[in-house]
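*Asks:* One structure is given below, represented as structure tokens, and several questions about it will come after.
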Amino acid sequence: MIFVNLPVTDLARSSAFYEAIGGTKNPKFSNEQASAVQFSDSICVMLLTHDFYRNFTSKDVIDAHRTSGVLLALSCDSKAEVDAMVDKAAAAGGKADPGPKQEFGEMMYGRSFEDPDGHHWEPNWLSADAVEGGAVALEQA
């Protein structure tokens, strides 16, 4: 499993945002300091209040609206699913398309959104040919 731990300024708002784009809150691992939102059996986004997040690092907590620390990509089953996720993010208080669209013919399609705290996500779709052919197939697209 992968747990993506994100510092958030408003835990309730962030939990609602991630549920609106397709996640399911896991109450067993959620409380007033953290919210566990499952996207699959292997992907969980842990939303942590800044105070709780500081228990895990001595570094400053970034302001993701001003500083990019990571681009988080999620695989989707279709171009329509990519568009739907970005649309849901915008409707739930996020920002649609802060980064450029990724279009490589019928090989790859991707867009992006930011959550209310500025964390940058990139839902994307890859064709079976792109998966099989790897980077070379995308370069030739």
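Bear in mind these aren't lab numbers, they're just calculated from the coordinates by the rules spelled out. Note that the structure is a prediction, hence the values are computed from the model and not measured. In this analysis, Cβ positions are derived from the backbone assuming ideal geometry, glycine residues included, and neighbour counts consider all displayed protein chains.
*Asks:* Of the lysine pairs in the chain, how many meet both conditions: Cα atoms under 30 Å apart, and a spacing of 8 or more in sequence or different chains?
*Replies:* Counting lysine pairs in the chain gives 13.
*Asks:* Mind pulling the angle between the C-alpha long axis of helix 11-20 and the longest principal axis of the chain? Nearest 10 degrees, somewhere in 0 to 90.
*Replies:* Approximately 30 degrees, to the nearest 10.
*Asks:* OK, next. What is the spread of the Cα atoms of region 60-141 along each of their three principal axes, largest first, in whole Å?
*Replies:* So the extents along the principal axes, rounded to whole Å, are 40, 28, 16.
*Asks:* For region 12-91, what is the Kirkwood estimate of the hydrodynamic radius, computed as the reciprocal of the mean inverse distance between distinct Cα atoms, to one decimal in Å?
*Replies:* 14.2 Å
*Asks:* Give me the Kirkwood hydrodynamic radius of region 64-105 in Å, from all C-alpha pairs, to one decimal place?
*Replies:* 11.9 Å
*Asks:* Another one. Using every alpha carbon pair in the chain, what percent of pairs falls into each 5 Å bin from 0 up to the bin containing the largest distance?
*Replies:* 2, 10, 18, 21, 19, 13, 9, 5, 2, 0
*Asks:* Can you give me the angle between helix 79-91 and the longest principal axis of the chain, using Cα atoms only, in degrees from 0 to 90, rounded to the nearest 10?
*Replies:* 30 degrees
*Asks:* Give the percent of DSSP beta bridges with both residues in the chain that are antiparallel, rounded to the nearest 5.
*Replies:* If I count the DSSP bridges inside the chain, around 60 percent turn out antiparallel.
*Asks:* Ok, one more. Suppose the chain between Ala16 and Asp77 were pulled fully straight at 0.36 nm per residue; how much longer would it get relative to their current alpha carbon spacing?
*Replies:* 19.6 nm
*Asks:* Oh, and also: Does anyone have the angle between helix 128-140 and the longest principal axis of the chain? Alpha-carbon axes, 0 to 90°, nearest 10?
*Replies:* Helix 128-140 sits at roughly 80 degrees to that axis.
*Asks:* Among Ser78, Ser30, Ser68, pick out the residue whose Cα is farthest towards the positive end of the charge dipole of the chain, where Lys and Arg carry +1 and Asp and Glu carry -1 on C-beta, about the Cα centre.
*Replies:* Projecting each Cα onto the dipole axis, the largest value belongs to Ser30.
*Asks:* Which of the peptides 87-96, 108-117 is most tightly packed, and how do the rest follow, going by the mean number of other Cβ atoms within 10 Å of each residue?
*Replies:* So the order, starting with the most tightly packed, is 108-117, 87-96.
*Asks:* Taking the Cα centre as origin and putting +1 on Lys and Arg beta-carbons and -1 on Asp and Glu beta-carbons, what dipole magnitude results for region 52-116, to the nearest 20 debye?
*Replies:* The dipole magnitude comes to about 300 debye.
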